[in-house]
Amino acid sequence: MKYNICLVSPDSSISRTTEQVVQELGDDLRCNVIIIDGNVKTAVSHVKPYVEKGIDAIISRGGTAIALTRAYSQMPVIAIQIEATDILKAIQGIPDGTKIGFISYSEVIYQYQALAELMGVHKITFFRLFHLGDEDTVIEQYVRDAWKQGIEVLIGSIHVREYAKKYNLRFVFLESGKGAILRAIREAASTILVRCQDRDEFKLISNIVDYTFTGTAVFDSRGRLQKWNPAFASMFAGESGTDWKVRIPLIFSSSRLQKVLDGSVPGGGEILRTEERDYAVTWQPVWEGAQLVRAIAFVQPVEQVQSYAQSIRKKQHGEGLIAYYTLDDMIGKSLAIRQVKREILKYAGTHSNVLITGESGTGKEMIAQAIHNLSQCSKGPFVAINCGAFTESLLESELFGYEEGTFTGAQKGGKAGVFELADGGTLFLDEIGDMPYILQNRLLRVLQEKAVMRVGGSKVIPVNVRIIAATNQELEKAIEEKKFRLDLYYRLDVLRIRVPALRERDGDISLLARIFLANLNKEYGRNKEFDKDVLHYLTTLPWPGNIRQLNNIVERMVLLSEGRIITMNDAAEALELGHNPEKGASKKIDTEQIEGLLSEGKSYAEIAELLGVSRSTLWRYRRKKK
Ligand SMILES: Nc1ncnc2c1ncn2[C@@H]1O[C@H](COP(=O)(O)OP(=O)(O)OP(=O)(O)O)[C@@H](O)[C@H]1O
């Protein structure tokens with residue numbers, strides 16, 4: 001891209017020389033040079049239309065350059081310098097012994113005097129310096145002085161010429177040579193380039209600040225708002241008509257701004273409370289040398305920070321913090337399950353803790369997820385933990401997290417517990433009845449104080465978590481036996497859902513079996529159907545493992561049956577393989593079978609799968625065994 005430079009010429013000789021330079025150098029100049037006439041009095045108005053059209057720099061000389069610099073302070077104005085050769089050229093034709101005077105702008109005279117000194121030329125003996133804005137009478141006065149002192153030739157600026165004529169003095173115009181003009185053009189081009197780079201850099205930085213969602217504001221050393229970005233303005237802009245900037249000193253009066261400015265705190269973060277909302281503010285003092293000159297505030301609404309933190313945690317913990325099930329996933333048309341669904345809808349609208357009771361495999365976790373997904377905190381995390389699946393110390397660190405170095409093998413940097421992970425969402429405490437008594441006390445405190453302290457830590461971390469607890473035990477009995485704290489029970493049992501066992505759900509067994517079959521057909525690419533008798537038979541069984549068990553049996557039938565129709569024989573075979581719900585009904589968990597499978601080398605997870613019981617049931621068995 002070629003730059004546009006306006007050269008304002010106070011004399012036709014400069015215009016001619018410039019034309020020659022432009023012609024001779026052509027494209028090498030890499031800029032368009034527009035030559036216009038103008039002297040100290042006319043240049044500013046002559047240049048104006050070009051400035052408005054958008055030129056990149058102005059070149060002129062002497063007083064005209066000074067006038068243009070003052071008028072267009074935003075624009076680079078380059079002065080053509082007086083060069084040694086220009087001076088030599090001006091005085092070379094003047095015979096020796098002639099008395100020469102020099103009247104011009106101080107800048108021009110100083111340049112000449114410095115050069116004359118260097119060159120050892122002292123032909124000029126009379127000097128008068130004038131300044132921009134001096135009346136013409138001043139110039140005339142100087143010419144008269146020269147005439148009085150017997151000066152014969154005057155060198156000087158263009159408007160000295162008319163007075164020289166008046167006093168019958170010879171006048172020599174100090175022309176600018178090609179070298180001086182070329183150097184001015186080159187200087188203008190490089191100034192433009194640097195300015196463009198500065199401008200681009202400035203634009204880039206402004207873009208970063210303007211487009212960031214973090215409100216950013218600069219306060220001067222006296223705490224006055226100096227600059228801000230649109231995000232900051234939109235955070236604090238009040239109702240229309242009120243000037244939000246007026247409110248800023250009041251809003252920030254409770255902040256650490258003053259302390260940051262007087263150096264008593266080194267910046268850092270704080271929560272700023274306003275009538276409308278809370279903001280997280282991070283302060284950065286700015287030093288110039290030893291002086292603290294301003295403070296920058298980076299402001300974000302607290303909810304925004306929390307939601308970022310949540311989404312980061314979600315990413316860090318993968319899919320684990322998401323509730324998949326919704327109310328629509330809950331199959332069932334029985335009166336009992338319809339009642340449960342009504343309760344879910346009602347409770348989801350509140351933030352109170354919920355206690356879900358029901359046998360193993362009845363869908364307690366599914367209900368907890370459905371409540372979460374219908375609740376106000378559905379965008380927050382859903383974190384589930386099985387309180388029966390850990391030893392006491394492990395459960396403690398899983399629940400509350402721990403600080404680095406708390407115990408051997410502790411993760412570097414410590415670890416967040418499920419309370420922290422569930423912040424802003426729901427924490428599902430499964431098998432709450434199995435929580436060790438000592439931890440119940442700690443859990444109660446967290447629920448009361450809405451804050452958690454990591455194991456080995458001293459920092460209180462506020463948490464906003466809705467608790468949904470579940471149990472398949474009778475907590476009332478556990479309270480009587482002093483295994484469960486009454487105060488914790490009251491904290492958790494604010495709203496209660498009792499999930500009916502599958503055998504209590506009239507009509508649901510065949511509905512669930514058919515839907516499970518359809519899903520499994522899809523999963524395994526089959527096209528199986530139940531014999532009518534099989535469906536009926538399934539409805540007569542007691543199903544101690546409830547829906548989980550029903551699903552497992554149907555899956556086994558799909559895999560074992562050879563024909564398209566699942567017959568009573570297929571059903572019998574599937575039920576024989578340790579899934580017999582009748583056996584399970586009399587004895588919730590078959591210890592012989594477990595021991596048999598363990599001796600075959602099966603893992604607890606595999607045994608749970610094979611027997612159609614939940615893993616926690618097996619964990620309980622394992623603990624009792626120990
Ligand atoms: N109404 C329902 N419709 C369809 N599937 C269901 C329903 N209820 C539960 N399930 C399924 O049954 C299985 C067990 O459900 P869930 O884990 O929620 O039970 P739970 O009561 O929490 O069990 P446990 O007490 O053993 O932890 C899951 O695979 C779930 O998808």
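FYI, it's all coordinate maths here, none of it is from the lab. Quick caveat, the model's predicted, so the values are computed rather than measured. Note that each Cβ is placed from the backbone with ideal geometry, even for glycine, and that neighbours are counted across all protein chains shown.
Our estimate of slack between residue 278 and residue 85, defined as 0.36 nm per intervening residue step minus the Cα-Cα distance, is 62.3 nm. Taking the Cα centre of the chain as origin and assigning +1 to Lys and Arg Cβ atoms and -1 to Asp and Glu Cβ atoms, the resulting dipole is close to 780 debye. Over the chain, DSSP H runs of length four or greater, each weighted -39,500 (n - 2.57), average out per residue to a 222 nm ellipticity of -14000 deg cm²/dmol. Relative to the dominant Cα principal axis of the chain, helix 178-211 is inclined by about 20°. Summarising the amide proton neighbourhood of residue 61: residues at separation of 5 or more, or on other chains, whose placed amide H is nearer than 5 Å comprise 80. Neighbours of residue 218, meaning other residues whose beta-carbon lies under 14 angstrom from its beta-carbon, give a summed charge of +2 when Lys and Arg score +1 and Asp and Glu score -1. From least to most packed, judged by other beta carbons within 10 angstrom and beginning with the fewest, 354, 33 follow the order 33, 354.
Summarising the label geometry, the points placed 7 Å from Cα in the beta-carbon direction at residue 13 and residue 135 lie 3.0 nm from one another. Among 98, 113, 159, whose Cα projects farthest towards the positive end of the dipole of region 84-175, with charges put on the beta-carbon of Lys, Arg (+1) and Asp, Glu (-1)? Result: 98, furthest along the dipole toward the positive end.
With R₀ fixed at 56 Å, the C-beta to C-beta distance from residue 379 to residue 32 puts the FRET efficiency at about 0.45. Computing FRET efficiency as 1/(1 + (r/R0)^6) for residue 227 and residue 114, where r is the C-beta to C-beta distance and R0 is 35 Å, gives about 0.25. Farthest towards the positive end of the charge dipole of the chain, among the residues 547, 149, 172, is the Cα of 149, using unit charges on the Cβ of Lys, Arg, Asp and Glu. Cut-off 18 Å, label point 7 angstrom out along Cα-to-Cβ of residue 170: give me the residues of region 67-101 whose amide nitrogen falls inside. Correct set: 87-101.
In this simple spin-label approximation, residue 522 and residue 460 carry label points 7 Å from Cα along the Cα→Cβ vector, and these lie 5.0 nm apart.
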